[in-house]
Amino acid sequence: MGFQFFHSVLLWGMGLVLLPILIHLLRRRLVRRHKLPTFEFLLRTQRRLTTRSRLRNWILLALRVSAVSIVVLLSARPLLQMAGGESGSSWSPLHLVIVLDNSGSMAYRAAGETRLEAARKAADRLVRDLSSSDRVTVLATVEERVEGPPAIQRRDQALARLAAIGQTDAAGDPAQAVRRALESLNVPADRRTVMVFSDFARGDWDQVRVQGLRRLTPHTQLQMVRVAPEAGTDDVVLASLTLRPWPPRAGAPFSVAARIVNRGNTRKDRVPVSLFVGEERVATAELALEPGADGGTSFRIRAPEKGVLLGRVELGPDALETTNRRYFAASMGQQIRALLVDGDPQRGLLDSDTFYLASALRASPPGGDSPMLVDVVAFYELAKVRWEDYDFVAACNVGQWPARAAESLRRFVENGGGFLLAGGDLAARSLPGGGWLPAVIGGPRPLSPPGHPAVPLELQDHPVFSTLGRNPGRFFSRVRVGKIFPLSPIGPARSLLTLADGTPLLVAGPRGSGRAAVWASSCDRDWGDLPVHPVFVPFARGLVDFLGGRAKGTASMSLDAGQPLEVSPAAAGRDEAVRIRTPRGEEITLRLESSQPPSRPGAPAAQERSAPPARQGRFERTGQAGLYQVLFTEGPPQILAVNPPASEGDLEPLSDSALRERLPGVQLAFSAIRAGESNPARSVEGRTDLGPLLFLFLAGLLVVEGMLADHI
Amino acid sequence: MSALFSSKEDTRTGVSAFFDPSVVARISSLELRARHVVEGLMSGIHRSRARGFSVEFEEHRAYSPGDELRHIDWKAFGKFDRYLVKQYEDETNLRAHFVVDASGSMNYGEGSLTKWGYAATLSASLAHLLLRQSDAVGLMLSRESDEQMLPAKAVRGHLTGILAALDAERPSGGTGIARSLERLAEGLRRRGMVIVVSDLLDDPAAVARGLSLLRLKGNDVIVFHILDAAELEFPFEGLARMEDVETDRNVTVECEVVKSPYLGLLQEFLDGTRERCRSQGIDYVLLSTAEPLDRGMVRFLAWRAKAK
């Protein structure tokens, strides 16, 4: 229990209590003097009255000093901090912001209810105790991003909102929730209270840093309510799964290794670990784990010949179900079938234009096969090519195009194939038709000195560079390009690689259902040294994946719960919307938005019309762990395994002092509610406005003062 | 006479200015004041000069200092070789002795006249009146440690001496009225009239004893108890430091708080004094300095008529 003040600076006015004392003393100094012969009678009177009079004077002085003190206190607006929530008398409405932690760790169960249920019960009681003039904002640490300030609701709306907040398996974003809570405090209200109900588990709160709280005035209280801290942190966590080979090969053996951590304080003798494929338990193992120790177990199964492999590993039940299972999914996808057209087959193997590109695409990862099947043909064999057997075609220094080959190639691309045109001295003589390539190609031009490729800033996360991590441009900084075709992108085509002065090196763009790209340099070492740089392999495979990836299978995708699911243009194609099936079986339609960049001035309008924009979308309701399916209009669904973040297993709560360090500049109040408590709101510290009470007291004081002063 | 005084309201309407203390206070000479008051009184009442003196020899008494030499019986000196003074029966109509309090407390006055001024004027006026009627008038000025005594005489010129003594007196020091009354009682050889003009702010028991002694010697005694209006009404307000006029003592009081108990105590004192006087057959007149001076004189004349 303690006091707070809205306007604590006004407490300096407490010096005014000296005023009655000064008046009292001055009045004694300024007394009039009178002589009186009958002084003896007065003396006798005074002797009789002295004790009573002095007492009365002291009482009057005390009353007046008290009255001044109370007026000053009233101005400073004192608040009594005590158990019992936010109920109580007050001058003015309260704006209560409730932040409910619904992250995975709040599913921890004690006394028959989860921490989230206990928190919701307390919050519900608090809201019910508010007056009708009070306003409430309810926020969750895991929820969809909403533009603008949070909604300010009436009591009944807030109760409905509280009931709608569900348990998730995601990591919360408490910093964001606290920031939004503070944003909502901009509405006028005399009393503002932010109450954060959470377990303050290290996994969620350790990284929290909320600056700028100094702007909070004493009008605002930030109260941290620990939920069921007595329940402890006893939990066995399925920390990770390792699946090998990845992606699994159809019909081949496939291993699933699970790492399990005992975060509790007691030894776990028999921790059951089960592997499920679909809904069938296919294997079970048991582990013994010392407190704080981790252990592992591995299962080996055979991947299906085709279709999708869906499964999960699951531990036996304990206090926190969230961390007991992890999901995985993989479609036994087809390998990309790539055809490389060699325009100069007379040259030696190592000088061949196709040598470097074929080598890069055929390279296989450790323990797995290459995801691409590569065929190489000479340019004169193009007439015999069955285009439908390939997903991707690369023309390397092709200077002659057999009759109808160029036309077949255009149709191949428009029907969904990928095409890369690479430069070279021969290629300068002839092009596979005009108008449908993503760039206008000029005559070859040497660069002196040689240039270095760079990735435009806005394209750093383009799928072509997906295997190069952040800042992919650094891998190209030592690549030298000595000769190029000048390229002018057309329509929606974009320059994925440029020289330092912006000259396009790689231009890609959609064409019909497929994609085409032009590489301004050669695929061998004649015009540059890119093929002998390490970046060439991931770059080439990323490029082929991007251009011919529509046919490749979904090897795997995994997300942490709560992370947004990105539906990429490559996957979405021209769909305007996709349906997403959640682990609970709900189907939610996600509208896709155009990813078309702004059109270039001077680009032919016909080109723009012929290339409908690709679309992409972002699905954020992935708070529930499990398998999500993205259903497209055409083609197989995209399946994602959404798992609880490993951080949710770290249940150790942050101390009060650690939380204060993370929320500097504001005085935090702490309280706790117990699991299973019948009225948890009773344990929450609230603030009672002492204004009305003090006002009544002041009125009484003045009445007594008046009566005493008149009673002579 | 009673009929005369019963109509005093009527008589005062025309001559009120004669007795108004504020008017009297403007007259600086005590003689003029006395004459002013007496003339005023006489103009309001029917003149009735009392006559009929007796000069029958009664006895000799031993000479004492202060007796006039012409009263020494030289024949008796030759016969007895002692100074003897002749005593006559009914030498005058009346022998009146004024005992006027000259203590410091009499020097107090919030209004136009101090208590001393009021007492002196009253005494002078009465002396003037008595001497006009050929009564013998004596004066005792009561001070803290001694008294000034003027023997009673019936000669007209004696008034000058009385007035001079009153005029010259500057009241100061503590009160000694009780002691003065006892001394007077011891010194008086013949019965007469004693007029006490004082605020009586002395030990009430001692004052009562002094008055009692005077009465035991057969004197008619009238007490003019002079108090200032401020003493009687306590008109002060707020916080005040009240100081004793005769000593250095002072006390700070909340006037509104002490007023009621103070007035209660004062009334108790006045009632006690009045009761003691009544029980001894002493006429008691309480006069406020704010009251017209004629009230005391009229009261005196009424008492005088009764005494005869």
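Quick notes
A quick yes/no check of all residues on (1) at pLDDT 80 or above; (2) surrounded by 23 or more Cβ atoms within 10 Å (Cβ to Cβ):
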| site | (1), (2) |
| --- | --- |
| A:LEU80 | no, no |
| A:SER92 | no, no |
| A:SER103 | yes, yes |
| A:ALA110 | yes, no |
| A:ARG125 | yes, no |
| A:ASP134 | no, no |
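- Among the residues of the stretch B:53-83, those that are open to solvent by 90 Å² or more (accessible area, probe 1.4 Å) and modelled with pLDDT of 85 or more comprise B:TRP74, B:LYS75, B:LYS79, B:PHE80, B:ASP81, B:ARG82, B:TYR83.
- Filter pass, B:LEU216 being more than 9 Å from chain A (Cβ to nearest Cβ) and within 15 Å of the chain's Cα centre (by Cα): no
- Selection status of A:SER448, closer than 26 Å to A:PHE379 by Cα and part of a strand (DSSP E or B): no
- Check on A:VAL227, modelled with pLDDT of 85 or more and among the β-branched types (Val, Ile, Thr): yes
- Leading residue by the ranking (most open to solvent (accessible area, probe 1.4 Å)) among those in the stretch B:234-246 that are facing chain A (nearest Cβ under 8 Å) and assigned to a loop (DSSP other than H, G, I, E, B): B:GLU246
- In the set (1) at pLDDT below 75; (2) surrounded by fewer than 13 Cβ atoms within 10 Å (Cβ to Cβ); (3) away from chain B (no Cβ under 14 Å), the condition left unmet by A:ARG28 is number (3).
- Hits in the stretch B:250-260 (condition: in a strand (DSSP E or B), out of contact with any Gly (no Cβ under 9 Å at 6 or more places or on another chain) and surrounded by 16 or more Cβ atoms within 10 Å (Cβ to Cβ)): B:ASN250, B:VAL251, B:VAL253
- Residue match in the stretch A:141-164 (condition: surrounded by fewer than 23 Cβ atoms within 10 Å (Cβ to Cβ) and on the phi > 0 side of the Ramachandran plot): yes
- Number of the exception - A:TRP12 against (1) part of a helix (DSSP H, G or I); (2) modelled with pLDDT under 85; (3) more than 14 Å from every other protein chain (Cβ to nearest Cβ); (4) open to solvent by less than 60 Å² (accessible area, probe 1.4 Å): (4)
- Pick from the stretch A:106-146, criterion assigned to a helix (DSSP H, G or I) and among the basic types (Lys, Arg), ranking: nearest to A:SER647 (Cα to Cα): A:ARG115
- Check on B:ALA302, of a type outside the set (Lys, Arg), in a helix (DSSP H, G or I), touching a residue at least 40 places away in the same chain (Cβ under 8 Å) and open to solvent by less than 20 Å² (accessible area, probe 1.4 Å): no
- Near pairs, Cβ below 6 angstrom, 6+ apart or cross-chain, from the stretch B:230-242 (farther than 15 Å from B:ASP199 by Cβ) to any residue that is among the polar types (S, T, N, Q): B:ARG241/B:ASN250; B:ARG241/B:THR252
- Residues in the stretch B:261-294 that are surrounded by 13 or more Cβ atoms within 10 Å (Cβ to Cβ) and within 30 Å of A:VAL31 (Cβ to Cβ): B:PRO261, B:TYR262, B:LEU263, B:LEU265, B:LEU266, B:PHE269, B:LEU270, B:SER288, B:THR289, B:ALA290.
- Checked against (1) within 27 Å of A:ALA164 (Cβ to Cβ); (2) surrounded by 16 or more Cβ atoms within 10 Å (Cβ to Cβ), A:GLN638 passes all but condition (1).
- Test: residue in the stretch B:192-199 that is within 13 Å of chain A (Cβ to nearest Cβ) and either touching a residue at least 24 places away in the same chain (Cβ under 8 Å) or out of contact with any helix residue (DSSP H, G or I) (no Cβ under 9 Å at 6 or more places or on another chain) (or both): yes
- Complete set of residues in the stretch A:390-406 that are at pLDDT below 85 and charged (D, E, K, R): A:ARG404
To keep it simple, each residue is scored yes or no on (1) of a type in the set (Ser, Thr, Tyr); (2) surrounded by fewer than 22 Cβ atoms within 10 Å (Cβ to Cβ); (3) within 14 Å of another protein chain (Cβ to nearest Cβ).
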residue: B:GLU147; (1), (2), (3): no, yes, no
residue: B:VAL155; (1), (2), (3): no, yes, no
residue: B:SER172; (1), (2), (3): yes, yes, yes
residue: B:ARG179; (1), (2), (3): no, yes, no
residue: B:ALA185; (1), (2), (3): no, yes, no
residue: B:ARG189; (1), (2), (3): no, yes, no
residue: B:ASP203; (1), (2), (3): no, yes, yes
residue: B:ASP248; (1), (2), (3): no, yes, yes
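- One residue from A:GLN335, A:GLN346 being of a type outside the set (A, V, I, L, M, F, W, C) and under 30 Å from A:ILE639 (Cβ atoms): A:GLN335
- Residue under evaluation A:GLU407, criteria (1) in contact (Cβ under 8 Å) with a residue 60 or more places away in the chain; (2) in a helix (DSSP H, G or I); (3) charged (D, E, K, R), criterion not met: (1)
Per-residue answers, yes or no, for (1) more than 30 Å from A:MET224 (Cβ to Cβ); (2) facing chain B (nearest Cβ under 9 Å); (3) open to solvent by less than 20 Å² (accessible area, probe 1.4 Å):
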residue	(1), (2), (3)
A:ARG32	yes, yes, no
A:PHE39	yes, yes, yes
A:LEU49	yes, yes, yes
A:ASN57	yes, yes, no
A:ARG64	yes, no, no
A:SER69	yes, no, no
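- The condition of being under 18 Å from B:LEU122 (Cβ atoms), under 20 Å from the mean Cα position of the chain (by Cα) and aliphatic (A, V, I, L, M) does not hold for B:ALA185.
The values are calculated or read from the model by the stated rules, or taken from the named source; none is laboratory data. Predicted model, so just to flag it, every value in this text is computed and none were measured. Here the Cβ is made from the backbone with ideal geometry for all residues, glycine too, and neighbour counts use every protein chain on show. Quick note on the areas: whole protein, heavy atoms, side chains included, nothing else; ligands and nucleic acids left out. Shrake-Rupley method; radii C 1.70, N 1.55, O 1.52, S 1.80 Å.
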